[in-house]
Structure formats: C-alpha cells, structure tokens
Amino acid sequence: MGLLNAEFKMLTGKPITFNFPPEAPLTDVFRGRHILDMDKCVGCGLCEKICPNLAITMVEVERKGKKAFYPQIDYSKCCFCGLCVDICPREALKFSNFPFLVVFNRDNLVYSPEKLSEPPKLEHPTPPKIKGIRNWALSWSLWVNNYFTGCCFIEAIPWVSSGFDMERFGMLAKGSPRHSDVLLIGGYVTVKTLRRIIRIYEQMPRPKFVVTLGCCPLNGGTYWDSYNTIKNLEKYIPVDIMVAGCPPRPEPIGLAVVLAMHAIQSGYMGKEEEVNKENGLLNLPPYEEEVKDPEEYSIPFGPQHPASGNFDVYFKLEGENIKSARPNPGYLHRGFEKLMEYRTWWQNIMIVQRVCVLDGASYELGYIEAVEKLADVDIPKRAKYLRMIQAELSRIQSHLINLGLLGASVGFDTVTRIAWGDREKTLLLLEKLTGGRIYHVYNIPGGVRRDVPSNFKDDVKETVKYMLKRLEFYDDLCYDNPLFKARTKDVGKISKDTAIDLDVTGPNARASGINLDLRRTMPYEAYDELDFNVITLDDGDAYARMLCRRKEIEESLYMVENLVEKIPEGKLVEKTSRKGFMLSPFSPIPKGEAIHCVESARGELCFHLVSNGENKPYRVKIRGPTFDNILVAMPKILEGHKLADIPVIYWSMDNCPADHDR
C-alpha cells in the first residue's frame with residue numbers, strides 16, 4: 001500500500017519545477033557579479049592583494065579629467081569568495097545577485113572598471129530565424145554526455161532533478177559518447193582526466209558541441225598554481241560555450257542551453273574539430289590485461305561512467321563474480337595541502353571547501369576551528385549556533401545527493417529526480433544564511449561573516465515541515481519498496497569488527513552498529529548543549545547504510561529547527577585573541593600546531609595545522625573520511641559480489657572522489 005500511496009501522490013501532486021527563463025528562488029544575498037562604485041573607489045589595491053585566484057588587476061583609467069587606478073575582474077578566474085568585498089575600505093566593490101556569465105569567447109569574461117560600474121541585466125536572447133528543419137530538430141533533441149571532472153557537477157545535477165528538468169528542452173543524459181551531441185565538462189581538469197576527455201570527444205559523431213562549466217577548464221580556476229592542473233582546455237579541444245562561476249548556478253547553465261539551441265537553429269554546427277595530443281603524450285595508455293587464467297577477465301569501472309563519478313576501479317571477474325577490486329584514484333588530485341601553504345589563513349577559507357564539494361561546510365568548519373585553536377580565540381555563542389545550523393543543513397543536502405545517486409545506481413531514476421528536487425529547498429536555506437548555495441565561505445577566524453535574515457526562522461520551520469512529510473513519502477516510494485530492498489539488503493555487508501579494523505567512520509560505521517559520532521564523543525561548537533540521537537543500525541549492508549542516512553536527515557531537521565529557536569543574542573565575531581592580537585585577513589598566527597576533528601556527512605574529518613608565526617600555514621594535513629572508507633574498505637567489501645552490485649555498494653559507501661584524491 002505504501003508504494004501505491006507514493007504513486008498516487010506523484011500523479012496528483014505538483015512537481016517542484018521552476019519556470020524558465022529562470023524563475024528559481026534567487027536571494028538578495030547571493031554572491032553574483034560585482035558592482036563597482038567608481039566614485040567611492042580610492043585605488044588602494046587591497047582587493048587585488050586579497051584575491052586568491054589573481055582575478056583582480058588594478059588598471060589605470062582616465063575619468064573626469066584625472067587618471068586613477070580601479071579594479072578589473074577576470075571572471076574566468078573569479079571564485080566569488082567575497083574576500084575582495086569584505087576588505088574594501090570604502091565599500092566601493094559590492095556583490096549583485098546576478099549569476100549569468102555565459103559567453104562564446106573567454107575574452108568577454110574580462111570586465112573593465114567601466115563595465116563593472118554598470119548594473120547587470122539579463123537580456124533573454126531573441127529566438128532566431130530557423131535555418132532549416134534539420135537545425136530545428138537537432139536543437140530540440142540534444143543528447144548530453146557529461147564528464148563531471150570536478151566541483152561544477154554539483155550545480156549541473158539539478159537539471160536532472162524535478163527542480164529544473166532538462167528533458168523539457170528535449171535534452172537527454174547519455175552514457176555513451178557515440179550517441180551524444182554535447183560534451184558537458186563540469187569542473188577541474190587534470191592530465192589524467194584530459195586523456196579521457198579527448199577520447200570521448202573523438203568518439204562523438206559530428207556535429208558535436210562542448211560546453212564547459214566553471215573557471216577551472218578556462219585557466220585552472222582556484223588551482224591555477226597546482227602542478228597537476230590543465231589551465232586552458234581550448235588548447236586541446238574546441239570549446240563552444242563557457243559558463244563562468246565557481247561553480248555556476250543551475251540557471252546560467254539553462255541560459256547556456258537556450259543560447260546553444262538558438263545558435264544551432266541559426267545554422268551553427270560546432271567549431272572545426274581540432275585535437276591536440278601533444279605529439280602523443282596525451283594518448284590514453286593501453287589497458288593492461290592482468291588476468292592470465294582463461295576463465296577470468298578484468299574490466300575497468302569509471303572514470304567516465306554514469307555510476308562512478310570521476311573515479312576508477314579495476315575489477316578481476318570470474319563470470320559475474322568479483323574476485324578482486326583495485327582502486328585507481330588521482331583524477332581529482334590538486335595538492336590541496338600544499339596549495340594551502342601558499343595562501344593566507346583567510347584565503348584558505350575559500351579553497352578548503354573544495355576538498356569535498358558534496359559537504360563543503362564540514363571542511364570549512366574543521367579548518368576554521370583548527371585555526372582558532374592556534375590563534376587562541378573565544379568564539380561568540382551566537383556564531384557557534386549559526387555554524388551548527390550551516391553544518392546540519394549541509395549534512396541534509398549531502399545525504400539527499402547520495403540518495404539520488406544510489407537511486408540511479410539501482411535503476412530507480414524517480415528517486416533521483418525527486419530527492420534532488422527536494423534538495424533545492426535546503427540549498428535555498430543555505431544561500432539565505434551564507435550567501436552561497438554550494439561554497440558558503442561563511443566562517444572566518446573568530447566567528448561568521450553575516451547574521452541570519454529576519455525571516456530565516458519561518459523559512460526553516462516551513463522547510464522542516466515539508467521535508468518531514470517528504471521523508472514519509474520516501475519511505476513509501478523507496479525504503480519500504482520491496483524492489484529497492486531486494487537490490488540493497490544483504491549486499492555489501494560490513495561487520496562491526498571489519499568496520500573497526502578498516503577504520504570505517506560516519507554512517508558507514510554506524511550502520512554496522514558502531515556508536516561513534518564526534519558531535520557526541522568529542523563535541524565541538526555547542527553540540528554538547530544540543531539534545532540529539534546518534535543513529536545506529538546493526539545489519540551493515542547497503543540498505544542499512546542508506547537507511548542510516550535517511551534517519552540522519554530526519555535527526556538533522558529536528559536539530560536545525562531546535563537551533564533556530566535557541567540562537568543566543570550577541571556578536572557574530574571575536575576579532576581579538578586571548579593573547580591580545582587582532583585577527584585580520586593579513587595577520588599572522590602565533591607559532592604552534594593544532595588538530596581539530598569534526599563529524600562530516602561521510603565521517604571523521606580532521607585538520608592538522610602547523611604555524612611558524614607567519615600569515616599562512618607552514619604545514620597542513622587533512623584526514624578525510626573517504627580515504628579509508630573507499631580506498632581501503634570498499635575493495636575488500638566488493639569481493640565475492642556480483643557485477644551488478646558494484647554501483648549499489650559503491651554509492652552506499654557515499655564516495656567523494658575529490659576528498660581522497662585531494
């Protein structure tokens with residue numbers, strides 16, 4: 001009956017689908033394109049100095065008969081962290097909430113001071129005169145092969161959800177490049193990834209189009225100084241449309257779709273096919289067959305696979321049975337810990353969330369609290385409560401991502417679309433609180449950057465009420481569904497002893513009966529003042545891991561509702577340490593070292609920082625949850641299972657490739 005109830009609700013209920021042209025919720029505090037007040041700007045250059053991506057350049061401009069220096073911003077580099085806005089002494093540089101930066105030529109992403117001073121305006125393109133029936137048909141039936149190389153995939157997946165619904169444009173996501181018209185490249189590109197991008201591009205039939213998301217494919221983005229970064233994808237394959245942002249919101253991705261459709265209707269059939277393999281250096285290495293037994297064979301799973309993420313595992317099989325699994329990570333290696341040693345304590349607030357885009361708030365929080373231990377600063381109680389709200393909202397949206405991924409892995413696409421559509425409501429709360437949907441850059445040493453809006457409590461109550469009802473709907477549709485249970489129960493079991501031996505943490509451990517949650521065992525912020533349940537189950541299989549996350553979503557909803565009722569009065573940030581020195585964007589931190597751990601959505605997350613008294617870290621070490629969960633435990637768990645169980649076990653472990661690759 002539960003499944004019938006779910007089907008009835010889907011047939012009679014209104015889907016969460018935003019109208020287009022973009023009418024999705026867009027708050028006033030979203031960090032979008034800058035606006036420059038040239039009358040207020042004094043040309044101090046602090047914005048150029050603080051920018052971690054070298055996106056701002058001070059240029060000389062003659063204005064009112066006088067020459068002066070003003071900021072120029074290259075949006076092919078900008079990460080919208082807001083450090084430049086915070087540090088501006090005259091408030092000459094501010095954010096608008098305008099997110100639409102879509103171009104056919106990257107030079108158009110460089111905004112002069114004069115252009116920055118003009119308020120942004122979205123001008124919807126006028127539909128062109130259609131060249132012919134072939135162009136019209138192609139424009140309404142674009143099949144997309146997505147290679148989500150990095151962070152930007154997180155804002156492309158809403159187009160699969162009920163929130164944005166790409167299929168209303170005739171667009172379909174395809175797993176095979178040989179059946180695709182569009183290659184969507186979402187984020188950071190390494191040499192290892194580039195080889196596969198080139199292979200996919202070469203296999204696509206003409207006409208074919210390439211769309212890139214974010215700054216990374218244009219010039220390396222946030223990782224411009226990493227040795228492993230491809231800084232200009234256009235050097236290797238043609239790129240037709242570029243969507244700037246870090247990551248870009250879903251709405252500009254939709255605008256890019258409309259622009260692509262109009263271009264094709266006008267007769268555009270893609271750029272000339274030119275591939276640069278650097279004289280063979282970028283040829284994909286041949287797959288080495290390791291199996292000698294004629295009854296065995298091996299296959300790779302990933303990295304460009306609908307169910308793998310940017311991650312790769314080699315399997316040795318005997319028939320349908322898995323004999324061994326060997327991870328092949330590194331597609332997202334950026335060298336985070338080394339990059340952080342070249343950035344100031346403040347600039348690292350921007351980069352640290354990108355270690356795991358799926359739950360960036362936990363990484364921001366873990367890093368900031370380690371810095372605060374070094375600085376010996378008291379955090380205002382109000383800031384602690386706001387941080388916990390941010391962390392729990394991030395946990396909810398992360399678990400909803402995982403539910404959608406596992407739904408797709410078992411062939412249950414309905415769950416994917418609905419869960420990711422509901423996730424939009426949590427992202428809207430995060431945006432209202434922090435100014436960002438994905439990368440919040442909300443915490444600074446000593447507190448938080450901004451207070452809650454006046455109506456935030458009401459918004460939280462409304463969302464909690466909605467999501468609690470949706471969880472009951474998920475039970476009918478998914479968790480109590482006999483088909484879902486058949487695909488996940490007794491699959492990928494991890495015993496309690498095995499979980500301890502392999503250092504498994506987070507929901508993966510708690511689903512095996514291990515009562516370990518750092519919010520309770522090593523409380524940080526004000527978790528010791530909060531009454532909540534640590535969810536534990538005993539079965540240790542894929543179903544138990546998914547059910548544990550479902551129950552954690554419910555628990556986090558109650559926690560957020562409780563927190564907004566109890567937010568204490570007081571200031572948001574403490575700018576003076578106990579030792580008497582001021583905390584500022586360029587201030588040094590006293591010599592010493594500190595370790596701080598938090599309970600992320602995937603488990604135990606620790607930061608070890610060493611300071612030599614300068615304004616940047618001397619050493620950084622991150623202990624992420626997925627290294628042991630995925631690279632150590634998962635291969636052992638997969639042994640003995642069937643080939644069809646691979647995606648189920650993989651996503652029930654909730655991988656974040658960026659975390660273990662770092």
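Taking each of K49/K338; K425/K489; K131/K271; K381/K551 in turn, the alpha-carbon distance tops 22 angstrom for K425/K489; K381/K551. For segment 75-98 versus segment 210-257, the inter-centroid distance based on Cα atoms is 20 Å.
Its relative contact order, with pairs defined as Cα atoms under 8 Å and 6+ residues apart, puts the chain at 14 percent.
The magnitude of the dipole of the chain, with charges of +1 and -1 set on the Cβ of Lys/Arg and Asp/Glu and taken from the Cα centre, is near 1600 debye.
Peptide packing: for 257-264, 336-343, 130-137, the average count of neighbouring Cβ atoms within 10 Å per residue gives the ranking 257-264, 336-343, 130-137, highest mean first. Apply 1/(1 + (r/R0)^6) to the Cβ-Cβ distance of D39 and H608, taking R0 = 56 Å, and write down the FRET efficiency to the nearest 0.05. Once rounded, the FRET efficiency stands at 0.75.
Among the DSSP helices (H) of the chain, those spanning at least 18 angstrom by Cα along their long axis with an average Kyte-Doolittle hydropathy of -1.0 or more are 191-203, 250-265, 360-375, 381-409, 413-434, 456-474, 542-566; this is a geometric and hydropathy rule only. For the pair D28 and R326, label points projected 7 Å from Cα toward Cβ lie 5.9 nm apart. Simple rule: put +1 on each Lys or Arg Cβ and -1 on each Asp or Glu Cβ in segment 47-111, find the dipole, and look at V85, I73, V59; the Cα lying farthest toward the positive end is V59. Surface composition of the chain: carbon plus sulfur atoms contribute 52% of the solvent-accessible area (1.4 Å probe, protein chains only, all chains present). Straightening the chain between L631 and W136 buys 173.5 nm, computed as 0.36 nm per residue apart minus the Cα-Cα spacing.
Legend: Rg and Dmax of segment 52-109, from Cα coordinates, 13.1, 35 Å.
How many angstrom lie between the C-alpha centres of segment 587-662 and segment 430-498? One Cα centre to the other: 20 Å. How high is the FRET efficiency from R623 to E341, r the C-beta distance, R0 22 Å, rounded to 0.05? The formula returns an efficiency of 0.85 here.
Take the Cβ atoms of K496 and N562, set R0 to 30 Å, and the FRET efficiency comes out at 0.50.
Sites listed here are GluC sites (Glu not before Pro) in segment 84-124 whose DSSP assignment is loop and whose Cβ has at most 14 other Cβ atoms within 10 Å: E91, E123.
In this structure, the pairs whose alpha-carbon distance is over 27 Å, taken from K94/K208; K432/K616; K323/K496; K40/K579, are K94/K208; K432/K616; K40/K579.
Entry note, the chain: the mean residue ellipticity at 222 nm calculated from DSSP H runs of n ≥ 4, each adding -39500 (n - 2.57), is -10000 deg cm²/dmol after division by the residues and rounding to the nearest 500.
In terms of the Cα gyration tensor, with a ≥ b ≥ c the square roots of its eigenvalues, is segment 394-524 rounded because a/c is under 1.5, prolate because a/b exceeds b/c, or oblate? Oblate, since a/c reaches 1.5 and b/c is not below a/b.
Over the chain, the hull volume per residue, using the convex hull of the C-alpha atoms, is 170 Å³.
Computed extension gain for N615 through D531, at 0.36 nm per residue and net of the alpha carbon distance, reaches 26.4 nm. Between T126 and N515, the simple label model (points 7 Å from Cα in the Cβ direction) yields a spacing of 7.0 nm. Hydrodynamic radius of segment 31-74 by the Kirkwood approach over all distinct alpha-carbon pairs: 11.2 Å. Of all beta bridges that DSSP places with both ends in the chain, some 75 percent have antiparallel geometry. The order of the peptides 170-177, 390-397 by mean Cβ neighbours within 10 Å, most packed first, is 390-397, 170-177.
Each of F315, L36, F209 was placed along the dipole of the chain (beta-carbon charges, centred on the mean Cα), and the one lying farthest toward the positive end is L36. Both radii are taken from the alpha-carbon atoms of segment 392-433; with Rh as the Kirkwood radius, Rg/Rh is 1.04. Inter-label distance, N276 to K457: 5.8 nm, where each label sits 7 Å from its Cα along the C-beta direction. The phi torsions of segment 43-48, fed into the Karplus equation with coefficients 6.51, -1.76 and 1.60 and a -60° offset, translate into couplings of x, 6, x, 5, 5, 5 Hz, rounded to whole numbers, with Gly and Pro shown as x. Estimated at 0.36 nm per residue, the fully extended path between S96 and R168 surpasses their Cα-Cα distance by 23.0 nm.
Normalise the Debye intensity by I(0) for segment 517-662, one equal point scatterer per Cα, no solvent, then take log10 at q = 0.14, 0.20 Å⁻¹ and round to two decimals. With one equal scatterer per Cα and no solvent, log10 I(q)/I(0) is -0.93, -1.30.
The values are calculated or read from the model by the stated rules, or taken from the named source; none is laboratory data. Predicted, not measured: the structure shown is a model, and the values here were computed from it. Glycine gets a Cβ as well: all are built from the backbone with ideal geometry, and neighbour counts include every protein chain shown. Note: accessible area is taken over every heavy atom of the protein model, side chains too, but ligands, DNA and RNA are not part of it. Shrake-Rupley method; radii C 1.70, N 1.55, O 1.52, S 1.80 Å.
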